[in-house]
Structures are given as structure tokens and as C-alpha cells.
Amino acid sequence: MPVLGRNDMPRQDPEKRRSNFDEVALGYSHEQALAEASRCIQCKKPTCIAGCPVGIDIPAFIQYMADDDMDAAIRELKSMNALPAICGRVCPQETQCEEVCVLGKKGEPVAIGRLERYAADHEQDNIETEAIEKPAATGKKVAVVGSGPAGLTAAAELAKMGHSVTLFEALHKAGGVLVYGIPEFRLPKSIVQSEVEYVGSLGVDLQLNTVIGKLDTVDELLEEYNAVFLGTGAGLPVFMGIDGENLSGVYSANEFLTRVNLMKAYQFPGYDTPVKRGQRVVVVGGGNVAMDSARCAVRLGAEEVTIVYRRGEDEMPARNEEIENAREEGVKFKLLSNPTRILGDESNWVTQLECLNMELCEPDESGRCRPVPLEGSEHLMDVDVVIIAIGTSPNPLIPMTTKGLETSKWGTIIADEDGLSSREGVYGGGDVVTGAATVISAMGAGKTAAKAINNYLKGNK
Amino acid sequence: MPFKILGKIQIVPTIHQMIIDAPKIARKAKAGQFIILKIDETGERIPLTIADFDPEKGTVTTIFMEVGKTTKHLSTLNAGDSLQDFVGPLGNPSEIEPSDTVVCVGGGVGVAPIYPIARAHKAIGNKVISIIGARSAELLLWEDKMQEVSDELYITTDDGTKGHHGFVTDVLKKLLEGDEPISLVVSIGPAIMMRTVAGVTHPFGVKTIVSLNSIMVDGTGMCGACRVLVGGETKFACVDGPEFNAHEVDFTLLMNRLMMYRDEEQQALENYKCDRGGCQC
Ligand SMILES: Cc1cc2nc3c(=O)[nH]c(=O)nc-3n(C[C@H](O)[C@H](O)[C@H](O)COP(=O)(O)OP(=O)(O)OC[C@H]3O[C@@H](n4cnc5c(N)ncnc54)[C@H](O)[C@@H]3O)c2cc1C
Ligand SMILES: Cc1cc2nc3c(=O)[nH]c(=O)nc-3n(C[C@H](O)[C@H](O)[C@H](O)COP(=O)(O)OP(=O)(O)OC[C@H]3O[C@@H](n4cnc5c(N)ncnc54)[C@H](O)[C@@H]3O)c2cc1C
Ligand code: SF4
Ligand code: SF4
Ligand code: FES
């Protein structure tokens, strides 16, 4: 009879963590990890594997952990997933691997993500990264554009296949959303850094500060490289198009998070980049991006941080765990409310936000509830910082400078299931193809495309 | 992979020229584009216009004025030092098309970025009249270089120590009232100057281009820090610009948004001066 309840993971106390950027979830102890690993009943037909977008052999790595062979566990994980320390932390496990774990039917599913995290962290702490066997060089060159999870994975896979890989990144640091978007307290940057170094140790040549479409176009890359992978993400911020959005103190979540995380504005003036530390902060949106923005604002010292979201709590796309964390840290939720106007003072500073109450109707055939405004319910909130976190779309820079690269009406690059775009030799994957999604799905896409590129380079297709 | 500084000189008080080894950028750069640099790990990303570039030598020249922490720090670096990050070329190049007389108006440190634009117009055979101004004669920049690429060059100083006593816009207005067939005015300088230029050319219906210096972070369209209002539409200066039709620009918004971090900038500068022994704290 398996243990029904999972082992809790220790977390930093909410009162304390409100004023620091240290990691919130502290990870299992060795004993907790062993205990949790032994909850897995090693199903003959494990359902969990199908829930993982990169197909990790979950019972296999967990069995190694239960046997206290962490080195074997991490080897098993890394054979399918180059970034386990990251996925163990940020995967929405509750809708992926853990959702379909059989133990979830009667009790709580195995804490697969926490175990993955433990094994990966154990490796960081304990063993020297094994010398990587250099595969025979194929003599083929591949350019990977964008160093988010999609690009990092594609680059690592292609290098392991013996291709010569150059990874181009527009910013001054590699990692994509993992460094500029997801905050330190959820994903320490040192972890991203060591994963980037691992990819470098495979022989990938990382070129930072390189904006493809400006410095070189994709067509110019194709003169030098046999194939190109585009993993440029969905980094273009969407604004609401309401009055007052250009007031000082109104940020896109991308700008706010980039200042705080990538540029380390939370350490200003030790770091030079400033960010406005508001007292009354409103974050518009209900996804992970909104939660991250709100929780950063709390840590920057705001008195009151409110999430304004036009639907109800059940409709919020953010992970439950993150909503819970935000609530514990004192973030307020103003649901069924939609901003209609932002007001400012004579020197262009934001002062108030006008919102309209919404009502959820019965779900339509598609199952989605459309919120409808309640006429006459306009009301004002006092604010000094507003952060818009209602979504992003792909940056048009590359499609604009690449002839014949087809995009959808949402600006995403059109690619087949292998990641092949409308241009021969040009592949894509991750948010740039799907629109904003998840770290693990971007990695899965990077891996799939790497296989397809390998076939293409070998002339199999 | 740091970017080496090959040369740094002070051209006039508080304004410096820096030549950076950046062969790839030098090969791709065009008039009107800019770079973003970050000095070191804790530094801020700041945009500077590409004032000159040499594809053969692989160098990019920037001209910057000391206004705050980053530009002050930059002014202490010298040949042999390096910058941690240097990215470009960013933004759209200037449109350089055959036309009637082109008037290039540069004010203060804005003379530097106007230079490659004037040179490009001259190179395709356009007649170029340039008006360059500064607060005072000792702060006047690149007179000789501007002379080389202009058919006519006018100089103005606010205090009358050289050339016309007054503003660049006084001379511009006279030219517009004269017989010269002017089809384009390009102006770069402080926002307040560009706004005045726009006001002067508007009644004459002459196409006027300005280069907007909004606050930026990434310079690739990812953050929206640089948003400006042009013709009633929100644009990102880094990817939609930096050059825009002056008659459509909301300069008040631009100037207000440039003030957004005034307190923080002040604090950063004070700290920096203290660190360097400039005060008694
Ligand atoms: C704040 C926030 C929180 C999130 N939280 C989670 C979470 O908890 N769990 C989860 O699974 N997902 C989360 N996501 C989503 C997840 O981060 C993304 O789906 C994932 O990062 C997409 O990976 P990618 O490789 O496709 O693109 P990105 O991570 O966006 O990386 C793209 C990279 O390409 C670079 N680039 C773009 N254009 C160019 C160019 N022209 N030349 C060179 N380089 C270029 C960019 O600078 C960037 O570094 C979150 C997203 C955000 C913004
Ligand atoms: C596309 C573009 C091209 C530019 N080209 C040049 C150039 O060739 N030479 C040059 O000297 N400067 C140029 N600038 C302005 C330059 O980026 C700023 O002067 C610099 O960021 C100031 O940094 P700081 O840390 O020294 O000063 P800060 O402490 O950031 O600011 C000090 C003072 O400068 C003002 N300021 C801040 N940012 C800007 C800005 N973007 N533009 C104007 N004033 C600002 C502040 O309001 C404050 O009064 C350009 C800006 C843009 C957007
Ligand atoms: S990578 Fe993500 S989905 Fe796959 S097993 Fe790990 S936590 Fe689960
Ligand atoms: S479904 Fe759950 S219990 Fe079964 S093997 Fe997978 S993790 Fe273990
Ligand atoms: S500087 Fe970030 S979008 Fe222009």
C-alpha cells in the first residue's frame, strides 16, 4: 500500500521571503528525497511518462533515487532532458507528469518535479561534471538563434550529434526567459548559468550581443551554415490599447522583469539599472508572468500589490502553487475586473487606474466563459506603478528580414511537426512557433527539431 | 568576449569620442543606427548613436556627453580598456534618397550623429546645408568634419562666442524663408531643440526627420521602455525608429518619459562620485 500523502518541500517563511530575492522553495533533504522516491510503485505500464513532453523514463530515474544512486538518476534524467534543475523547478507538473501519475487517483501523485530537482541539485553540489565524450565531427555547421530553453536544447542535441554549433543571443546573457523573466526567487540564476556552461562544454560556440536580423540576417547565416534553428521566443509585449498606457510608471511585464531580473535593479544602486519602486502596484493579468511581477513588486517594498484579472480564480492560467505563494506573500486579487483607463498627473506620472467589474456568463460550447462588463461599474484605484502582463507575441524582426519565412496572423513562425519552416534548412521551435507556452515544451521542440536537422544534414530527407 | 577600446579623446569639455574594435558591427552599420553598450557586470545598458564607422579597420566611433553615472564612468576609460557588452547595429538606417537641398541641424552632442547622415546625403549627390550649434564656442563639436560633408555650414552659439548669436532654429528659419529649394530637414539634438525645429519647419510644410533618444533597455523591441507617440500611435523607438517624422512626434511625452528616473539617476551619480572620493560621505 503506497503512502497517500507526498512529502512536503520546505519553503522560506512568507514573512521573511517578502523582503528578499532568495529562492522560496528550499528543496528536499536527502531523507525526504529517498522517502518520496520510495512512494513510486514502479508501474508496469507507467502513465506518467506520456505526461512528460520530453519523455523522461520517470520510474527508472526514481528507482535509482530510491536506491540512493543519485549519479545514475541524474544520468538517466540527462539522457532525455538537458536542463533537469530548471524543469524540476518551473515545469507545471500538476498538468503534466504528475497529473497522470496513478497515485493521484487515490492520494497525491509522486512529487516527480521535486525529485528531479533534488537529483539535479545533488549533481551540482557533489560530482564533477563527467568528461563528455566528443562525438565524431560531421563537418556540418548549424546556427541556433536564441538561447532560451528551445535554443539551448537544440544546440546541446546538435552538438552531441557531432555538428559544429554556434548559438546566437541578442542579449548580453544566455537563457532567454529563464534569465530575464523568471525571478531569482523561483529559479536562481546560478542554476541557469551552470546549465548554459554545460551546453558550452559540449562545444557549442555562444555568441552573445548578436541580434539576428540586424547584424546578420537568416539568409546570411545560411551562406555560412548548413541549417538554422530559430528559438527566438515570444518576447514582444502586448499592451491593452487603453488611454494612459504611456504614462511614466506604467510598465510592460517584460520591461519590469528585465530590469529586476536581468539587470538586477533590486540591487540598485549596487547595480546601475533603476526600476520604480511603487507603493501601490497593480499588475494586470492572471498568468505566471503576472504572479512573478507581483511577487517582485512585493520584494521591492510595495505597501500594496494587487492583481487585476478580468476572469475568476479558476480561469487564472498561472500555476496554483504560484498563486498560493503570491497570496501568502500578501498579494491581493481583484478578480472579475478589467482596466479601462489609466490616469496621470501633470508631469505624466500614473496616479489612478479605472476598472470595470465583469461578470462571468455560462460557459459556451467551447467551454470558455467570456467575461462581460457590468455597465456603470467603473471605479478608480490609487496606484503609482502599473504592470501590464496580458501576454506577448513573437518579435517580427526575423520574419521581416527573412524572405519566404511564413508566419501566422499571430506572428508565430509556421512550422511542421518536425519544426521545419517554409524555408529549406530553416527550423523553429518553442514560443516562436507555439506562442507563449512552457519551458519544457520549448525544450521538447528544440529536441525534435535537432533530430530533424540531423536527418536533413545526413541527407535522409 | 569583451570589446576593446582603441582610442578615447575628449573633443570638447564633457564630450568624448571613443573608438571601439567591433568589426562585425562596423561592416553592417549604416547612418542613423545606434549601439547599446554595458561597461561591466553591474553596469546599465545605454544607447549611443554610431557617429562613424570604418568597415576596413573594423571600428565603430561613438561620441558621448557626460550626463550621469554611466557616461561619467565611460569618460574615465581609455585605449586598452574594454567594454563588457557592445551590441548593434540597432534601429533603422536613415533614408538617404536623391532630393533637393537637405538641411542637417545638429545641436550639442547631436552634431556627432548628424555627421554620418550629412555624409551619406553628400555621397549620393544631394546638396547639404548644415547648421550646428552649441551653448558656447568651446563646446562646439566636429566643425571640420561637418565642413567636409556640407556645401554650406552655419554655426550658432547660445552665448555668441562663435557664429550666429542664438539658436540653430534662427538660421533654419531664415533658410526656409529664402529661395533655397529645401526638401528635407534632419535634426538631432536635445528633445527641446528637436521640438523647436519641428515647430519652425511645420508652417513651411518641409519634411522633417528627428532621431528620438528615449530611455531604452534591450533595443530589440522586447520591453517597450522606449515607447513614443507618433501620429497618435504608440511606437517603439528602438525598432520602429529611432528616426520619425518630427511633425507627428509627441515631444512632451518624450521629455516627460526621459525624466522618469531622475531621482534614481541622481542617487546613482552621487554614489558614484562618493566611490571615487568626490565627496565627504
Ligand atoms: C515571467 C515568466 C514566467 C514564466 N514562468 C514559467 C513557468 O513557471 N513554467 C514554465 O514552464 N514556463 C514559464 N514561462 C514560459 C517559458 O519561460 C517560455 O515558454 C519559454 O522560456 C520559451 O522558451 P524559448 O526558448 O522558446 O524562448 P525564450 O525563453 O523567450 O528565449 C528566446 C531567446 O531568443 C533571443 N532572441 C530573440 N530574438 C532574437 C534575435 N533576433 N537574435 C538573437 N536572439 C534573439 C531572446 O533574447 C531570448 O533570449 C514563463 C514566462 C515568463 C515570461
Ligand atoms: C537611440 C539613442 C541614441 C543616443 N545617442 C547618443 C549619443 O550619440 N551621444 C550621447 O551622448 N547620448 C546619446 N543618447 C543618450 C544616452 O543614451 C544617454 O545620455 C545615456 O543613457 C545617459 O546615461 P547616464 O547613466 O550617463 O545618465 P543617466 O543617469 O541615465 O541620466 C542623466 C541625465 O540624462 C538624461 N537622460 C537619461 N537617458 C537619456 C536619454 N536616453 N537621452 C537623453 N537624455 C537622457 C536624464 O534625464 C538625466 O537628466 C542616445 C539615446 C538614444 C535612445
Ligand atoms: S521534465 Fe517536467 S514534465 Fe517531464 S518529468 Fe520533469 S517535471 Fe515532469
Ligand atoms: S505513474 Fe506514478 S507511481 Fe507509476 S511509475 Fe509513474 S511516478 Fe511511479
Ligand atoms: S528598448 Fe526595449 S523595446 Fe525598445
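Can you pull out the residues in the stretch A:6-43 that are farther than 18 Å from A:GLY104 by Cβ, outside any loop (DSSP other than H, G, I, E, B) and among the acidic types (Asp, Glu)?
A:GLU15, A:GLU31
Checking the conditions here, which among A:VAL433, A:VAL372 is more than 14 Å from chain B (Cβ to nearest Cβ), in contact with a strand residue (DSSP E or B) (Cβ under 9 Å, 6 or more places away or on another chain) and either within 16 Å of ligand 5 (Cβ to nearest atom) or not in a strand (DSSP E or B) (or both)?
Values: A:VAL372 fails: either within 16 Å of ligand 5 (Cβ to nearest atom) or not in a strand (DSSP E or B) (or both).
Sole residue among the options that is more than 14 Å from chain B (Cβ to nearest Cβ), in contact with a strand residue (DSSP E or B) (Cβ under 9 Å, 6 or more places away or on another chain) and either within 16 Å of ligand 5 (Cβ to nearest atom) or not in a strand (DSSP E or B) (or both): A:VAL433.
Which one of these does A:PHE168 not meet: (1) hydrophobic (A, V, I, L, M, F, W, C); (2) within 14 Å of another protein chain (Cβ to nearest Cβ); (3) over 20 Å from B:ILE25 (Cα atoms)?
(3)
Can you find even one residue in the stretch B:14-30 that is modelled with pLDDT under 95 and polar (S, T, N, Q)?
yes
Yes or no: B:GLY91 small (Gly, Ala, Ser) and modelled with pLDDT under 95?
Taking the combined requirement at face value, the residue does not satisfy it.
Confirm whether A:ILE58 is more than 15 Å from ligand 4 (Cβ to nearest atom), surrounded by 14 or more Cβ atoms within 10 Å (Cβ to Cβ) and farther than 24 Å from A:ALA326 by Cα. First the steps, then the outcome.
On the way: more than 15 Å from ligand 4 (Cβ to nearest atom): no; surrounded by 14 or more Cβ atoms within 10 Å (Cβ to Cβ): yes; farther than 24 Å from A:ALA326 by Cα: yes.
Against the criterion (more than 15 Å from ligand 4 (Cβ to nearest atom), surrounded by 14 or more Cβ atoms within 10 Å (Cβ to Cβ) and farther than 24 Å from A:ALA326 by Cα), A:ILE58 does not qualify.
Yes or no: A:VAL275 at the interface with chain B (Cβ under 10 Å from one of its Cβ atoms), buried (at least 22 other Cβ atoms within 10 Å of the Cβ) and either at pLDDT 95 or above or assigned to a loop (DSSP other than H, G, I, E, B) (or both)?
yes
Which pairs do you get when a residue that is over 21 Å from A:ASN7 (Cβ atoms), found in the stretch A:38-62, comes within reach of a residue that is acidic (Asp, Glu) and more than 10 Å from ligand 3 (Cβ to nearest atom), reach meaning Cβ atoms under 8 angstrom, with the pair 6+ apart or on two chains?
A:ASP57/A:GLU76
If you take the residues in the stretch A:217-237 that are of a type in the set (D, E, K, R) and touching a residue at least 12 places away in the same chain (Cβ under 8 Å), which one is nearest to A:ALA253 (Cα to Cα)? Show your work before the answer.
At the first step, the residues of the stretch A:217-237 found to be of a type in the set (D, E, K, R) are A:219-220, A:223-224.
Of the ones still in play, those that are also touching a residue at least 12 places away in the same chain (Cβ under 8 Å) are A:219, A:224.
Working: A:ASP219: 32, A:GLU224: 37 Å.
By that ranking, first place goes to A:ASP219.
Would you check which residues across the stretch B:247-261 are assigned to a helix (DSSP H, G or I) and either surrounded by 19 or more Cβ atoms within 10 Å (Cβ to Cβ) or at the interface with chain A (Cβ under 10 Å from one of its Cβ atoms) (or both) and list them?
B:PHE251, B:THR252, B:LEU253, B:LEU254, B:MET255, B:ASN256, B:ARG257, B:LEU258
Tell me, yes or no, whether the stretch A:193-208 has at least one residue that is within 27 Å of A:ALA265 (Cα to Cα) and touching a His at 6+ places or on another chain (Cβ under 6 Å).
yes
Surrounded by fewer than 24 Cβ atoms within 10 Å (Cβ to Cβ), more than 16 Å from ligand 5 (Cβ to nearest atom) and of a type in the set (Ser, Thr, Tyr): is that true of A:TYR198 in this structure?
yes
Look at the stretch B:200-227 and say how many of its residues are without any contact (Cβ under 8 Å) to a residue 60 or more places away in the chain and facing chain A (nearest Cβ under 8 Å).
Residues meeting the conditions: 6.
Hey, any hits in the stretch A:418-425 for a residue that's without any contact (Cβ under 8 Å) to a residue 60 or more places away in the chain and over 24 Å from A:HIS163 (Cα atoms)?
No.
Touching a residue at least 24 places away in the same chain (Cβ under 8 Å), polar (S, T, N, Q) and surrounded by 15 or more Cβ atoms within 10 Å (Cβ to Cβ): which single residue out of A:ASN7, A:ASN20 fits that description?
That would be A:ASN7, the only listed residue that is touching a residue at least 24 places away in the same chain (Cβ under 8 Å), polar (S, T, N, Q) and surrounded by 15 or more Cβ atoms within 10 Å (Cβ to Cβ).
If I filter the stretch B:6-46 down to residues being within 10 Å of chain A (Cβ to nearest Cβ) and part of a strand (DSSP E or B), which single residue comes out as surrounded by the fewest Cβ atoms within 10 Å (Cβ to Cβ)?
B:LYS38
Tell me the residue from A:THR138, A:THR153, A:THR95 that is surrounded by fewer than 16 Cβ atoms within 10 Å (Cβ to Cβ) and either of a type in the set (Val, Ile, Thr) or touching a Pro at 6+ places or on another chain (Cβ under 7 Å) (or both), please. I'd like the intermediate steps shown before the answer.
Values: A:THR138 fails: surrounded by fewer than 16 Cβ atoms within 10 Å (Cβ to Cβ); A:THR153 fails: surrounded by fewer than 16 Cβ atoms within 10 Å (Cβ to Cβ).
Testing whether each residue is surrounded by fewer than 16 Cβ atoms within 10 Å (Cβ to Cβ) and either of a type in the set (Val, Ile, Thr) or touching a Pro at 6+ places or on another chain (Cβ under 7 Å) (or both) leaves just A:THR95.
Which condition number does A:ILE387 fail, the rest of (1) part of a strand (DSSP E or B); (2) more than 16 Å from ligand 5 (Cβ to nearest atom) being met?
Of everything listed in (1) part of a strand (DSSP E or B); (2) more than 16 Å from ligand 5 (Cβ to nearest atom), A:ILE387 misses just condition (2).
So, of the residues in the stretch B:63-85 that are touching a helix residue (DSSP H, G or I) at 6+ places or on another chain (Cβ under 9 Å) and in a loop (DSSP other than H, G, I, E, B), which turns out to be farthest from ligand 4 (Cβ to nearest atom)?
Per the stated criteria, the residue is B:GLU66.
Which one is farthest from the chain's Cα centre (by Cα) among residues in the stretch A:245-262 that are under 16 Å from B:THR220 (Cβ atoms) and more than 7 Å from every other protein chain (Cβ to nearest Cβ)? Spell out how you get there, then give the answer.
In the first step, residues of the stretch A:245-262 are kept if they are under 16 Å from B:THR220 (Cβ atoms); the result is A:252, A:254-255, A:257-259, A:262.
Subset that is more than 7 Å from every other protein chain (Cβ to nearest Cβ): A:257, A:262.
On the way: A:LEU257: 13, A:LEU262: 14 Å.
Filtering the stretch A:245-262 for residues that are under 16 Å from B:THR220 (Cβ atoms) and more than 7 Å from every other protein chain (Cβ to nearest Cβ), the one farthest from the chain's Cα centre (by Cα) comes out as A:LEU262.
Spot the failing condition for B:PHE244; the list is (1) part of a helix (DSSP H, G or I); (2) touching a strand residue (DSSP E or B) at 6+ places or on another chain (Cβ under 9 Å); (3) more than 10 Å from chain A (Cβ to nearest Cβ), and only one is missed.
(1)
Within the stretch A:395-405, is even one residue under 30 Å from A:VAL281 (Cα atoms), within 16 Å of ligand 5 (Cβ to nearest atom) and either touching a residue at least 12 places away in the same chain (Cβ under 8 Å) or buried (at least 18 other Cβ atoms within 10 Å of the Cβ) (or both)?
The initial filter retains those residues of the stretch A:395-405 that are under 30 Å from A:VAL281 (Cα atoms), namely A:395.
Next, only the ones that are within 16 Å of ligand 5 (Cβ to nearest atom) stay: A:395.
With the extra rule that they be either touching a residue at least 12 places away in the same chain (Cβ under 8 Å) or buried (at least 18 other Cβ atoms within 10 Å of the Cβ) (or both), the set shrinks to A:395.
Looking through the stretch A:395-405, at least one residue is under 30 Å from A:VAL281 (Cα atoms), within 16 Å of ligand 5 (Cβ to nearest atom) and either touching a residue at least 12 places away in the same chain (Cβ under 8 Å) or buried (at least 18 other Cβ atoms within 10 Å of the Cβ) (or both).
A:SER408: polar (S, T, N, Q), surrounded by fewer than 16 Cβ atoms within 10 Å (Cβ to Cβ) and over 21 Å from A:ARG311 (Cβ atoms), yes or no? First the steps, then the outcome.
Numbers: polar (S, T, N, Q): yes; surrounded by fewer than 16 Cβ atoms within 10 Å (Cβ to Cβ): yes; over 21 Å from A:ARG311 (Cβ atoms): yes.
Considered against the rule, which asks whether it is polar (S, T, N, Q), surrounded by fewer than 16 Cβ atoms within 10 Å (Cβ to Cβ) and over 21 Å from A:ARG311 (Cβ atoms), A:SER408 comes out as yes.
Mind checking which residues of the stretch A:220-244 are among the acidic types (Asp, Glu), at the interface with another protein chain (Cβ under 10 Å from one of its Cβ atoms) and touching a strand residue (DSSP E or B) at 6+ places or on another chain (Cβ under 7 Å)?
The initial filter retains those residues of the stretch A:220-244 that are among the acidic types (Asp, Glu), namely A:220, A:223-224, A:243.
Applying the additional criterion that residues be at the interface with another protein chain (Cβ under 10 Å from one of its Cβ atoms) yields A:220.
Listed by number, the list is empty, since nothing qualifies.
The values are calculated or read from the model by the stated rules, or taken from the named source; none is laboratory data. Bear in mind the structure is a predicted one, so any value in this text is a computation, not a measurement. All Cβ positions, even for glycine, are placed from backbone atoms using ideal geometry, and neighbour counts span all protein chains on display.
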